[in-house]
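Okay, structure first, notes after.
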Amino acid sequence: MDSDEAVALLGDPVRRELYRFVVGRGRAVGRAEAAEATGVARGLAAFHLDKLVDAGLLTAEFKRLGERTGPGSGRPAKVYRRSGTEHLVSLPPRDYRTVALILAEVVDLLGGDELAEEAARRAGRKLAAGASGPVRETLARQGYEPYEEDGVLRLRNCPFHVLAGEHPLLVCSMNLSLCQGLLDGAEGVTARLDPRPGECCVVISKNNRN
């Protein structure tokens, strides 16, 4: 299934809410949990979740959801999580990814890392200047999918995932600079690198006051 068809599946409101719930949990989600959270029957939730798997938007696996193991612990349940496949939709087709990869390679070849970081910081300041709400809302609009954990604002999604895979040092440093620029006008918080598998390498935390 191509990207246009996959994204079109999210036009169904039930399917869209199930997808948002699974993605927002950041872990494997069972059918019963997804059904309860979205207010639909378990059978209907299973149908739509499997459709999302067929489209490549989610992946499925089987695992035991309880703490018990061994005989008597029950059958493994089917659980779902976000797929690592990226879907881009553009009408007519555009190829920004290839241009971005070329430009990133040029920056690497020219040794322009510091200039790229400065440009990213300026871009972050522009985002902050045009924002009307809290930093968390701005990050959400940019696709970072922020969530709070132990007083730290973590970013579940890296908007630059493809580029970071090809040029990790350059892109992660630019990403950090962009977030730092975004926070330049915010008091008491700072952006720093704290990589975690499957998430953005940047986290937002409160400044330590000693």
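Summarising the label geometry, the points placed 7 Å from Cα in the beta-carbon direction at Thr59 and Ala32 lie 2.5 nm from one another. Fully extending the segment from Arg136 to Ala41, taken as 0.36 nm per residue of separation minus the present Cα-Cα distance, adds 30.9 nm. Per residue of the chain, the DSSP helices (runs of n ≥ 4 H) give a summed -39500 (n - 2.57) that works out to -14500 deg cm²/dmol at 222 nm.
Each of Tyr144, Tyr96 has its accessible area taken with a 1.4 Å probe; listed largest first, they run Tyr96, Tyr144.
Heavy atoms of the protein chains alone define the surface here; on that basis the chain has 62 Å² accessible area per residue at 1.4 Å probe size. How much net charge surrounds Cys201 when only the other residues with a Cβ under 11 Å from the Cβ of Cys201 are counted, with Lys and Arg +1 and Asp and Glu -1? Counting the neighbours of Cys201, the net charge comes to +1. Taking the C-alpha atoms only, the angle from helix 42-54 to the longest principal axis of the chain is near 50 degrees.
Taken about its Cα centre, the chain carries a charge dipole of roughly 860 debye when the Cβ of each Lys and Arg holds +1 and the Cβ of each Asp and Glu holds -1. What the phi angles of segment 25-39 give under the Karplus curve with 6.51, -1.76 and 1.60, with θ = phi - 60°, is a coupling list of 6, x, 7, 5, 10, x, 4, 5, 5, 5, 5, 5, 5, 9, x Hz, glycine and proline written as x. Sorting 125-137, 50-62 by average packing, meaning the other beta carbons within 10 Å per residue, from highest down gives 50-62, 125-137.
Of Thr138, Leu103, Leu176, which is farthest towards the positive pole of the chain's charge dipole, taken about the Cα centre with +1 and -1 on the beta-carbons of Lys, Arg and Asp, Glu respectively? Going by the Cα projections, it comes out as Thr138.
Shape analysis of segment 117-210 places it in the rounded category; the axes a ≥ b ≥ c from the Cα gyration tensor give an a/c below 1.5. Note on Thr98 and Val189: their simple-model spin labels are 3.9 nm apart, each label 7 Å out from Cα toward Cβ. Rg to Rh ratio, the chain, alpha-carbon atoms and Kirkwood radius? My calculation of the ratio gives 1.02. By accessible area, using a 1.4 Å probe on protein heavy atoms only, the chain has 52% of its surface on carbon and sulfur.
Charge tally around Arg121: other residues with Cβ under 14 Å, Lys/Arg +1 each, Asp/Glu -1 each, net -2.
The values are calculated or read from the model by the stated rules, or taken from the named source; none is laboratory data. Source: prediction; values computed, not measured. When we count neighbours, we look across all protein chains shown, and the Cβ atoms used for this are built from the backbone with ideal geometry, even at glycine. All accessible areas refer to the heavy atoms of the entire protein, side chains included, with ligands and DNA or RNA removed. Shrake-Rupley method; radii C 1.70, N 1.55, O 1.52, S 1.80 Å.
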